[in-house]
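Asks: Handing you a structure now.
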Amino acid sequence: MTAPGERPVVLEARHMTRRFGGLVAVNDVSFDVREGEIFGLIGPNGAGKTTLFNLMTGLTPPSSGTLTSRGQTVTGLPPHRVAGLGISRTFQNIRLFRGLSALDNVKVATHRQTRAGLWQGVFGTAQAEERQAERRAWELLDLVGLSDRAGELAANFSYGDQRKLEIARALATEPRILLLDEPAAGMNTSEKGQLTAFIREVRDRFDLTVLLIEHHVPLVMGLCDRVAVLNFGQLIAIGDPASVQRDPKVIEAYLGGE
Amino acid sequence: MNDFFSTYGSLIVMMVQAGLLGLSLYFPLQAGQLSLATPGFYALGGYVAAILLTNPAFSGLRETLGNGMFPLTWLVAALLSGVLGLVLGLPALRLRGIYLALATIAFVQIMQTLALNLKVTGGAIGIFAIPQAFGFERPLQYLWLFGPLLLLTLLFTRQLSRSRVGRAFHAIREDELAADAMGINPTHYKVLAFVIGAVLAGIVGAMSAPFLNTWNAKQGTFDASIAVLAFVLIGGSRHLWGPVVGGALLTAVPEVLRFLADWRLVINGLVLVVASLYLPQGIVGAFERWRRPAPPRRPADLPPVTAAEGRP
Amino acid sequence: QKVSSISLGVAVAQTSNVSLFGQEQVAGAKVAEKLINAAGGVNGTPIKLVYQDAGGDENGAINAFQSLINKSRVLGIVGPTLSQQAFAADPVAERAKVPVLGISNTAKGIPQIGTYVARVSAPIAVIAPAAVKQALKLNPKIKKVAVMYAQNDAFSVSETETFQSTLKAQGLNIVTVQKSLTTDTDFTTQVTAVINSGAELVVVSALAADGGNIVKQLRQFGYKGLIVGGNGFNTANVFPVCQKDCDGVLVAQAYSPSQKSAVNQKFVSEYRKLYKKDPPQFAAQAYAGIQVFVDALKVIDKKKKLSTWDLAALRTELNKQVLAGKYSTPLGELRFDKDGEVNQKEFFVARIKMKDAKNGSFVFDK
Amino acid sequence: MEPSQLIQNLMNGLAIGSVYAIFALGYTLVFSILGIINFAQGAVFTLGAYFTYALVSGQFENNGLLKGINLFPAGSPFAGNPWAFGLATLIGAALAGLIAVLIERLAFRPMRARGAEPLLALVSSLGVALVIVNLIQLLVGAESYSFPANAYGEFRPALTFNVGDKVVVIRSVQLVIFAVSMVMLGILGYVIGRTKVGKALRAVAENPGTASLLGISVDRYVLITFFLSGFLGGLAGTLVSLAFGIGGPYFGQAFGLKGLAVIVLGGLGNIPGAVLGGLLIGLAEAFVPADYSAYKDAVAFALLFAVLLLRPQGLLGKAQIQKV
Amino acid sequence: MALLEIENLSVNYGAIQAVRGLSLEVGEGEVVTLIGANGAGKTTTLRAVSRMLRPVSGTIRFAGRDITRLPPDEAVKLGVAQSPEGRQVLARQSVEDNLELGAYVRGDRAGVQADLRQMYERFPRLGERRAQLAGTLSGGEQQMLAIARALMSRPRLLLLDEPSLGLAPLIVREIFTIIRELNEQGMTILLVEQNAKLAMNASHRTYVLEAGQLTFSGISSELVDDERVLHAYLGG
Ligand SMILES: Nc1ncnc2c1ncn2[C@@H]1O[C@H](COP(=O)(O)OP(=O)(O)OP(=O)(O)O)[C@@H](O)[C@H]1O
Ligand SMILES: Nc1ncnc2c1ncn2[C@@H]1O[C@H](COP(=O)(O)OP(=O)(O)OP(=O)(O)O)[C@@H](O)[C@H]1O
Ligand SMILES: CC(C)C[C@H](N)C(=O)O
Ligand SMILES: [Mg+2]
Ligand SMILES: [Mg+2]
């Protein structure tokens, strides 16, 4: 395996900025993410982390700045095209398809991997890919441990289980880059530990690059290869976990001293 | 029995027709779009048929085609409705909820005003003396048109909702933004659902014009928009049988209540109220509650995936 | 199947906003049933009227017809209220070979729907010109005329065409044509335009409620000239709408309560007894429709007892006899041409005269 | 356009527009609280007019089951002068408000309790409208009724003045309608925009569950809302019938649809929006050139359609914020 | 007598039994923690107490009064306030309106204004954003708002559903300081937390819930070292 530092850059953020009225939620942020990395994004509440994810996935257009992935410009594309580039995400405020079963939630997300149009669907001539999607959905439910409740509506899951289902759904789009917005929120300490292992495993299994927003510091520090810190929309530190953790600016803005 | 069919022949056809109109509204609804445009396309289809079947300009065509004229009217109606649906749907489907509903009602109203003012549509008098399809003698015979159309549409709907496209519709209904983020192009599928509904309504209109003998601007009004919506909601908006059952029943109720004379429509109103109170998921929805869907079956040959050592 | 009773169908609007007219038609039919049966029905056998609500739309009319034809097995049907409904429902009767008499359908082309379709309501083309002529008689100086009509109502549209060609034929100048909807209540735009056009005569084709409002608003906006109202004004229902502003509106009529015939006088007195007012045209036409059927049945019955007929054959025979006969009705003497178009002798022009705010009457000048 | 014509159209448009506005307010109030369109609003509007009529005239002479019953054999105390008539109008509106409350109790609340989807309220209210309209017909017939000419004393039916050499006419009722509507709108705007009641109403509107979690009695506010909306609807009914007479049981229907267009144009659930929407549609209709009056309805809806394409949330509606 | 007494409570969602025969007590002036895995029924229990859910059986008594069938707004008037799961801020209302609505049941305008100022001091972020629509706040900002809003009613019993969720470490600390302070001032608190260690340190007693049922309970300071808790919830 090549050393992380030599692997190709898969995401290039350049001067990304987003204003809401007078507020600059993301302010001139630039960074690179390398293939296979687990890249942490931390910072105080309202620092602009989620907004940055939104800029990266096409949900919010940037006021200025660009994001490129393997030479493709991502900014300016609608979300479904971004998904088509292999960038997928989960949401901080869970957004499952609440009225669909867990299985269907995952199956829907195979949309870009399948081709069947209206008539193929109606005449049932796309059975092979349909079976493929079905298998994949089951596998992913297995992976997050929800396959015994595959038929249940997403709305009926508890908060923590919904987060797991969201991860499975995001994986179903077969992303190369996965953005997780506070995946551990609502999980208890031992579940957080399992989540750490889980994220590593899916990264390896599916050859992913992972970006991760999280407030649970031990998890971030234990899991991430590199960490970036946002404060008031600005990137105040970036580097390996140990050095970031020692950075006085970060301690002052986020971790708090003691 | 014969008696029954001659008394209720046209009612039965109207029930099937109502079910079809309900299904037309059901398509966009599957994709979460509350469109009330169905009567507009229905009216359009009807005018297309009425004009093709009566206007002197087409008499040559009618002579050469004979009965082939009727399928032609369906085709032309479907085509025109589809194109108009596309033209209308592209801008309108940016709207949400009631806003979309009202924009589509605006469309229906504008269509109606046009029908009242144009020469080809016969103004307020409309078009009359429309020849009977295939020389049908009794209203019930129209089941030969509407029946197969209903079956085909049901089959189409069922297949569709189990397919990739159908799933995309449902995802958009549940959460458009999340669907978008999962790689589904919402505009594409919303317009698709809308156009399918439009085409169906257009065909139903084209089949209905001969059935009604006359076509005028009262076909396809705001009231009809609401009626069709009621078909779907009372029948059940989450299941393909819903619109069919709802359309058939709501069409039949005022006729069945004829014996009540003056109280007929009062009771009809009460029926609507009571049905909405006691069948919050619609008639079919109520049955569904009893018959829980079987849990999805895991593909038999799929080995359990070794759970990640740290499963979340 | 044998004929079991002498039942005739009445399929008019008892609900929807068209019921405004339907109500009067039902009232007229009730009087007919009562008087005819009191006089021995069809040679001793009482008749039975079966009412089915035709609502205000096509589907309602079709269903009412179906029910009357197949379930109630009526010999013939009077109705439906609107010409638009007739275009949809009459073919149903035509195909079932059941005679239909239109009692208020005045649009062009109704009797031509089929051999089983006829009407006692004279088409607008023959009534409308009378009112215009009457207006010119009252004020020979009229040159500029404004025309207003409800564009979403079939009969108002065809009526206005007749009016307009009559006006042109009289050498008058149509200075503006204003359209509205039967559901409208506010006509200020149209009325303002009419007043600005300097018209000396306004000819209105609309239904009762909207027509009444047009008149009221014309007057309130200061219009002083003559007003001619069409067939939709043929009902006391306009009085409460325009109240004293109705005064003087000229309405051509196919009926006058003051018509001298004995049958009319009996009808009028019975109607007054039941409803405390003079019968309006729609009631009289409904009466006439029933009477025509009954008179024709009497003739048939004399030839061969009705109870011995086969239903289908009797319906056909009835249709033939209706067209063949000559009838003395409250509308005066009626006859039909081969299509089933009515041939009526007398027409009237009435002027609305208001007694007080709500009550008024049609006064017949001729 | 000549100045006289311009002024005339303006007056006409404002008068009818203010009626649209006040009618639409009833809709928008209910919509903003429960997220439902109450189709029975048109019927309540009609009822308001009939109630006032019953008070002022004491009887329904024409037809129907109530024929022959006279509330005030000795003459109505509510007729003869503007104050008495005004009182009758208020009582009529209040009765309409009570009917609206009843509708909420019988047709909406049980449905909410069962967790039905809000759209279904459309069907339920459609049923209610059907019941009311046909009951009216059974009770008092399909005829039109108009207030007796002396109901509110003697007034000049219209004011006229000259602009250049042309006359401009305003009907007195138009002035009354405009004034009353504006006063009602002012009061309502104040209550909703500036008081604690208004704040609580907005909370209920946004999320009844959360509102109740804060101690707000949702049921009570829903009742208040329905009363207000019925009151406004009934008031509009009387005002309109004052100008045009009561056009039978179906009288409110045409307004029902216009009212919908108005609130959507202005922005759903937005009170100033309903006012603006009403006035705009009224004006748009008034300014349709006479020769094209056939397209009047289409103009209102085309306007609606065009505005929605440019502003999908209506003129004053706030864009739906969606923080992800 | 305990301030809150839950006896034999069962709550269902349709056919799903989320809470089964649960009994617990919270004494006046106590801080009590409820922990359990995802889907154990913690949220369900809180929602039953705040009357957002109707139990199928069992009783809930508050200050000696049976509130099992009371509508939620009445419960608030008695002094029960909740910071709910999923925050549920009124998205289209400003931050300040949200807070003022939190004090809806209170009549003392002056007191409300004073509390408002206090909230802005505690959560400066909210003070900066008082005019911003709550729906546009970041997740953590919304969480602060939800907690502050619950405090605005000055409840006798405060129900907190995962208050630390989505909050940055500094703010989490602040929240627990507030919990301690409020408790010192006499407020009773029922706390659901995934961050079990923090919660247990801040509370007197702890109940552990599993699959809708109570498995065990005890004094928090003793349970922190309990094998069962350590293993399942503290990642030990
Ligand atoms: N649509 C919007 N309008 C106005 N302000 C907004 C909008 N969206 C976000 N903001 C503001 O931008 C800032 C950044 O928000 P963002 O959600 O990105 O924060 P975050 O870093 O994810 O915080 P948290 O950790 O609390 O989730 C916040 O202060 C928020 O209030
Ligand atoms: N609205 C609902 N409909 C159906 N079932 C539900 C609903 N809400 C919760 N449940 C089920 O009830 C059970 C208890 O859920 P609850 O939300 O109380 O758990 P919790 O302990 O709060 O979990 P978490 O820590 O994940 O928030 C779970 O099995 C969940 O799936
Ligand atoms: C009732 C009448 C106004 C009907 C009209 N004469 C018609 O033919 O439609
Ligand atoms: Mg965030
Ligand atoms: Mg929970």
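The values are calculated or read from the model by the stated rules, or taken from the named source; none is laboratory data. Just so we're clear, the structure is a prediction, and the values are computed from it rather than from any experiment. Note that each Cβ is placed from the backbone with ideal geometry, even for glycine, and that neighbours are counted across all protein chains shown. Surface accessibility is based on the protein's heavy atoms, side chains included, excluding ligands, DNA and RNA. Shrake-Rupley method; radii C 1.70, N 1.55, O 1.52, S 1.80 Å.
Asks: For the pair B and C, how large is the buried accessible area, both sides, in square angstrom to the nearest 100, if the probe is 1.4 Å?
Replies: Result for this pair: about 2500 Å² buried.
Asks: Order of B:57-70, E:136-149, C:208-221 by packing, highest average Cβ count within 10 Å first? Show your work: numbers first, answer last.
Replies: Numbers: B:57-70: 12.6, E:136-149: 25.1, C:208-221: 26.6.
Per-residue mean Cβ counts within 10 Å order the peptides as C:208-221, E:136-149, B:57-70.
Asks: Could you state how much accessible area is buried at the D-E interface, both sides summed, with a 1.4 Å probe, in Å² to the nearest 100?
Replies: 2100 Å²
Asks: Partner chain Cβ atoms within 10 Å, averaged over the residues of B:208-217 - can you pull that number for me?
Replies: Taking all residues of B:208-217 together, the mean is 5.
Asks: Here is a follow-up. Any chance you could check the Cα centroid distance between segment D:235-260 and segment D:109-148 for me, in angstrom?
Replies: 15 Å
Asks: Return the ratio Rg/(2.2 N^0.38 Å) for chain B, where Rg is computed over Cα atoms only.
Replies: Taking the Cα Rg and dividing by 2.2 N^0.38 Å, one obtains 1.09.
Asks: Can I ask one more? Could you run the Karplus curve 6.51 cos²θ - 1.76 cosθ + 1.60 with θ = phi - 60° over segment B:113-130 and give me ³J(HN,Hα) per residue in whole Hz, x for Gly and Pro?
Replies: Going residue by residue, I get 4, 4, 4, 6, 10, 7, 6, 4, 8, x, x, 5, 6, x, 10, 10, 6, 7 Hz, with x marking Gly and Pro.
Asks: In chain C, which helices (entire DSSP H runs) extend 27 Å or more along their own long axis, judged by Cα positions, while averaging at least -1.0 on the Kyte-Doolittle scale? Show your work: numbers first, answer last.
Replies: Values: long enough: C:19-38 (28 Å, 0.18); C:281-303 (33 Å, 0.40).
Flagged H segments are C:19-38, C:281-303.
Asks: Over segment A:105-176, what number does the Rg to Rh ratio reach, with both radii from the alpha-carbon atoms and Rh per Kirkwood?
Replies: 1.02
Asks: Could you work out the mean projected area of the convex hull around the alpha carbons of the protein assembly as shown, in square nanometres to one decimal? Don't skip to the end; give the middle numbers.
Replies: Values: hull surface 238.0 nm².
Taking a quarter of the hull surface, the average projection is 59.5 nm².
Asks: Please compute, over every Cα-Cα pair in segment D:269-324, the percentage with a separation greater than 18 angstrom.
Replies: Roughly 41 percent, once rounded to a whole number.
Asks: Still on this structure: Considering only protein heavy atoms, what is the solvent-accessible area of E:Thr43 at a probe of 1.4 Å, reported in Å² to the nearest 10?
Replies: The accessible area of E:Thr43 comes to roughly 30 Å².
Asks: A follow-up question, please. Classify segment B:1-140: rounded, prolate or oblate, from the alpha-carbon gyration tensor (a ≥ b ≥ c, eigenvalue square roots; a/c under 1.5 rounded; otherwise prolate if a/b is larger than b/c)?
Replies: oblate
Asks: Summed for both chains, how many Å² of accessible area, to the nearest 100, are buried between A and B with a 1.4 Å probe? Walk me through the intermediate numbers first.
Replies: Values: alone 12490 and 17190 Å², together 25690 Å².
The buried area between A and B, both sides summed, comes to about 4000 Å².
Asks: Something else now. Suppose all protein chains stay in the model; what accessible area per residue would a 1.4 Å probe give for chain E, in Å²?
Replies: Dividing the accessible area of chain E by its residue count gives 37 Å².
Asks: Also: Ranked highest first by average number of other Cβ atoms within 10 Å, how do C:331-338, D:102-109 line up?
Replies: D:102-109, C:331-338
Asks: Same structure, new question: Please list C:Ser256, B:Ser6 from largest to smallest accessible area, probe radius 1.4 Å, with all protein chains kept in place.
Replies: Ranked from most to least accessible, the order is B:Ser6, C:Ser256.
Asks: While we're on this one: Mind pulling the angle between the C-alpha long axis of helix A:189-206 and the longest principal axis of chain A? Nearest 10 degrees, somewhere in 0 to 90.
Replies: So the inclination is approximately 70 degrees.
Asks: Just want the answer: with Cβ charges of +1 for Lys and Arg and -1 for Asp and Glu, which residue in C:Gly114, C:Val132, C:Ala86 is farthest toward the dipole's positive end in the protein assembly as shown?
Replies: C:Val132
Asks: Determine the residues within segment C:192-206 where the difference in accessible area between the chain on its own and the full set of protein chains amounts to at least 10 Å²; count protein heavy atoms only and use a 1.4 Å probe.
Replies: By number: C:Thr192, C:Ala193, C:Asn196.
Asks: Right, here's the next one. Above 24 angstrom, tally the Cα pairs of segment D:28-262 and express them as a % of all pairs, no decimals. Walk me through the numbers on the way to the answer.
Replies: Numbers: 13544 of 27495 pairs.
Percentage above 24 Å: 49.
Asks: In segment C:11-27, what residues drop by 10 Å² or more of accessible area when the other protein chains are put back, versus the chain on its own? Use 1.4 Å, and skip ligands and nucleic acids.
Replies: Residues of segment C:11-27 that lose at least 10 Å² of accessible area once the other chains are added: C:Gln14, C:Thr15, C:Ser16, C:Asn17, C:Ser19, C:Leu20, C:Gln23.
Asks: From the phi angles alone, apply the Karplus equation (6.51, -1.76, 1.60; θ = phi - 60°) to segment A:114-131 and give each ³J(HN,Hα) in whole Hz, x where the residue is Gly or Pro.
Replies: 10, 10, 3, x, 3, 6, 4, x, 5, 8, x, 8, 10, 4, 4, 5, 5, 5
Asks: Same structure, new question: Per residue, how many Å² of accessible area does segment B:1-121 show with a 1.4 Å probe?
Replies: Result: 35 Å² per residue.
Asks: Please count, across chain D, the pairs of lysine residues with Cα atoms under 26 Å apart that sit 8 or more places apart or on different chains.
Replies: The number of close lysine pairs in chain D is 6.
Asks: Give me log10 I(q)/I(0) at q = 0.14, 0.20 Å⁻¹ for segment D:16-55, Debye formula, one equal scatterer per alpha-carbon, no solvent.
Replies: One equal scatterer on each Cα of segment D:16-55 leads to -0.35, -0.65.
Asks: Over the Cα atoms of chain E, how large are the radius of gyration and the largest Cα-Cα distance (Dmax), in Å?
Replies: 17.2, 50
Asks: How high is the FRET efficiency between C:Phe364 and D:Ile69 when r is their beta carbon distance and R₀ equals 41 Å, given to the nearest 0.05?
Replies: The calculated FRET efficiency here is 0.75.
Asks: Okay, moving on. Provide A:His80, E:His231, B:His239 ordered by accessible surface of protein heavy atoms (probe 1.4 Å), highest first.
Replies: E:His231, B:His239, A:His80
Asks: Sticking with this structure for a sec: Any chance you could give the angle, 0 to 90 degrees and rounded to 10, that helix A:159-172 forms with the longest Cα principal axis of chain A?
Replies: Rounded to the nearest ten degrees, it is 70.
Asks: Averaged over A:75-87, how many beta carbons belonging to a partner chain fall within 10 Å of each residue's beta carbon?
Replies: Average per residue, whole number: 3.
Asks: How much accessible surface does A:Ile238 have with a 1.4 Å probe, in Å² rounded to 10?
Replies: Its accessible surface works out to 80 Å², give or take rounding.
Asks: Same structure again: May I ask you to give the solvent-accessible area per residue for chain D, in square angstrom, as obtained with a 1.4 angstrom probe?
Replies: 35 Å²
Asks: Taking the alpha-carbon centroid of each part, what is the distance from segment C:191-250 to segment B:189-203 in angstrom?
Replies: 46 Å
Asks: If you average the sequence gap of Cα pairs under 8 Å that are 6 or more apart and divide by the length of segment D:28-262, what percent do you get for the contact order?
Replies: 38 percent
Asks: For the protein assembly as shown, list the cysteines whose Cβ sits under 4.7 Å from no other cysteine Cβ?
Replies: Here A:Cys224 come out as lacking a disulfide-compatible partner, given the Cβ-Cβ threshold of under 4.7 Å.
Asks: A follow-up question, please. For A:Phe123, what accessible area in Å² do you get when you roll a 1.4 Å probe over the heavy atoms of the protein chains, rounding to the nearest 10?
Replies: 140 Å²
Asks: Turning to a different aspect of this structure: How large is the convex hull of the C-alpha atoms of segment A:212-258 per residue, in Å³?
Replies: Enclosed volume per residue, from the Cα hull, is 74 Å³.
Asks: May I ask for the angle, rounded to the nearest 10°, between helix B:38-54 and the longest principal axis of chain B, with both axes built from Cα atoms and the value confined to 0 to 90°?
Replies: In chain B, helix B:38-54 runs at an angle near 30 degrees to the longest axis.
Asks: What FRET efficiency do you get for C:Leu274 and B:Gln141 if R0 is 41 Å and r is their Cβ-Cβ distance, rounded to the nearest 0.05? Write out the running numbers ahead of the final one.
Replies: Values: r = 44 Å, r/R0 = 1.08.
Step by step, r from the Cβ atoms, then E = 0.40.
Asks: Still on this structure: What percentage of the solvent-accessible surface of the protein assembly as shown, computed with a 1.4 Å probe over protein heavy atoms, is contributed by carbon and sulfur atoms?
Replies: Working: 30840 of 53020 Å².
About 58 percent, which is the carbon plus sulfur part of the accessible surface.
Asks: May I ask for the percentage of alpha-carbon pairs in segment E:88-153 that lie more than 18 Å from each other?
Replies: Cα-Cα pairs of segment E:88-153 separated by over 18 Å account for 24 percent.
Asks: Would you report the distance distribution of C-alpha pairs in segment C:43-127 as whole percents per 5 angstrom bin, up to the bin with the largest distance?
Replies: In whole percents, the pair-distance histogram is 3, 16, 28, 24, 16, 7, 4, 1.
Asks: Grab the beta carbon distance between C:Lys320 and B:Glu63, set R0 = 41 Å, and tell me the FRET efficiency rounded to 0.05.
Replies: Calculated value: 0.75.
Asks: What does the average come to when, for each residue of peptide E:162-175, you count the partner chain Cβ atoms lying within 10 Å of its Cβ?
Replies: 5
Asks: Also: Would you pull out the residues with amide H under 5 Å of B:Gly123's amide H, same chain only if 5 or more places away, H placed 1.01 Å from N?
Replies: B:Leu118
Asks: Can I ask one more? Given bins 5 angstrom wide, list per bin the percent of all Cα-Cα distances in segment A:2-153, short to long.
Replies: Computed distribution, short to long bins: 2, 8, 13, 16, 16, 15, 13, 10, 5, 2, 0.
Asks: Explain nothing, just the number: dipole magnitude of segment D:28-262 about its Cα centre with +1 on each Lys and Arg Cβ and -1 on each Asp and Glu Cβ, in debye rounded to the nearest 20.
Replies: Result for segment D:28-262 is approximately 540 debye, rounded to the nearest 20.
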